[in-house]
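The values are calculated or read from the model by the stated rules, or taken from the named source; none is laboratory data. Model, not experiment: these values are computed from the prediction. Here the Cβ is made from the backbone with ideal geometry for all residues, glycine too, and neighbour counts use every protein chain on show.
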Amino acid sequence: MPLTSTAARRPDRGHPGAAMRVRRPAGRLFAERRRDPGPVEHRYLSDLLDAAGEGPGAAALAGARSNDNTYTRMTAELLGDLAEPLPPLDRMVLAYALPDPAVRELAGCGIADLCAGDPDVFSVSGQGAGAPFTALRILAAGHDEGVPADGGCLVFDQRTGPLTRLWPGAVAGADSVVLLHTTTAGGRPLRFLHDAPAPDPAAALAGVARSFPADHLFLGPGLAAAVDGSRTGTGVAVAAGGYRPGPGLAHAADASRAGTGEVHPVADLLPCTGLWHAAARYWDHPGPLLLAQTDPVSGRLYAAGFGAGDGPGR
């Protein structure tokens, strides 16, 4: 079922005249940390992998050294690095392709304790790279219904671990977290969301690009590879209709003065957080931004379009 929405609002509820806004994504990458799972964790992971069809091999997979960059640990270090502390939050959504194997920690409870305001915390998982887009849709729906505005989404990637076999394409080349802080003031307004099956990724991308013209189009690794095997951006630009190849993430040093209509394929390293790391470098650009990604398991195309923001430093 396709799900596409714009900034249409009900006049009798919500925050009158104020679209949900997202401040510049704040992200961090982490050096690898590993640890041996404890007996309770090993049993839990074995049962989970066995239920997923791994059979006799489940116990061996569960016994592999696990990732010690847990979701709670990465969040604590990211929040500690922010130039300004977050205000009290009303809700926080965790978005990831796979659950954190560190079952000795309850990520939602630990992260709630790290945030001021005693926010409601819940997770979006099992959607691969589409998880952060679904999280934004949930936050935007609450905003439109008048839920208090200050909230956020934490997007996670993790290196290979015991659970990475459960969702092909979810394995990241680094441990990473990105914070998307939602509010009614500052940042960029969320103007467009799309979630639909995409049997032909190039055609689906072209339709999305026509629906929400933007100065910069950021493509997740799955989508970039699907529409342009060379990964140069040329095929992507043609498929999107009117976009031209951009400098790419590695050459985005002067993003605020970059030309309009550029497409930026994102490297394979970070399937969930990579788009948001890339877009953060362009958050001060005066024009609209469009982020798009496909998930190889569901075959769906996800997209989020952000309108012009409030100027430098937002």
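For segment 152-165, the set of residues classified as under 18 Å from the mean Cα position of the chain (by Cα), crowded, with 23+ Cβ neighbours inside 10 Å and at pLDDT below 90 consists of Gln158 only. In the set (1) modelled with pLDDT of 95 or more; (2) under 22 Å from Ala174 (Cβ atoms); (3) not polar (S, T, N, Q), the condition left unmet by Ala303 is number (2).
Being modelled with pLDDT of 85 or more and within 30 Å of Pro39 (Cα to Cα) is the filter here, so list the residues in segment 88-106 that pass it. Matches in segment 88-106: Val93, Leu94, Ala95, Tyr96, Ala97.
Starting from residues that are touching a Leu at 6+ places or on another chain (Cβ under 8 Å) and surrounded by fewer than 18 Cβ atoms within 10 Å (Cβ to Cβ), keep the ones in segment 182-212 and report whichever is farthest from Arg91 (Cα to Cα). Let's see the steps before the verdict.
Taking segment 182-212 and keeping what is touching a Leu at 6+ places or on another chain (Cβ under 8 Å), we get 182, 188, 190, 192-198, 201, 204-205, 208-209, 212.
Pick out the ones that are also surrounded by fewer than 18 Cβ atoms within 10 Å (Cβ to Cβ) and you get 196-197.
On the way: Ala196: 26, Pro197: 29 Å.
The selected residue is Pro197.
Being at pLDDT 55 or above, outside any strand (DSSP E or B), surrounded by fewer than 24 Cβ atoms within 10 Å (Cβ to Cβ) and assigned by TED's automatic domain parsing to the domain that holds Leu193 is true for just one of Ala279, Ala226. Which residue is that?
On the way: Ala279 fails: surrounded by fewer than 24 Cβ atoms within 10 Å (Cβ to Cβ).
Just a single option satisfies the conditions, and that option is Ala226.
Out of the residues in segment 45-61 that are touching a residue at least 24 places away in the same chain (Cβ under 8 Å) and either outside the structural domain of Arg159 (by TED's automatic domain parsing) or surrounded by fewer than 21 Cβ atoms within 10 Å (Cβ to Cβ) (or both), which is nearest to Gln158 (Cα to Cα)? Among them, the one singled out is Leu61.
In this entry, Leu269 passes the filter for residues that are at pLDDT 50 or above and out of contact with any helix residue (DSSP H, G or I) (no Cβ under 7 Å at 6 or more places or on another chain).
Of the residues Val93, Val121, the single one that is buried (at least 19 other Cβ atoms within 10 Å of the Cβ), of a type in the set (Val, Ile, Thr) and closer than 21 Å to Val297 by Cβ is Val93. If a residue has to be over 19 Å from Asp175 (Cβ atoms) and more than 18 Å from the chain's Cα centre (by Cα) to count, how many in segment 57-105 make the cut? Counting residues in segment 57-105 that are over 19 Å from Asp175 (Cβ atoms) and more than 18 Å from the chain's Cα centre (by Cα) gives 15.
Counting only residues that are modelled with pLDDT of 80 or more, give me the helices (runs of 4 or more DSSP H) lying completely in segment 27-87 with at least 3 of them. The helices (runs of 4 or more DSSP H) meeting that bar are 39-51, 71-81. In segment 142-151 there is at least one residue that is crowded, with 21+ Cβ neighbours inside 10 Å, in a helix (DSSP H, G or I) and assigned by TED's automatic domain parsing to the domain that holds Arg43.
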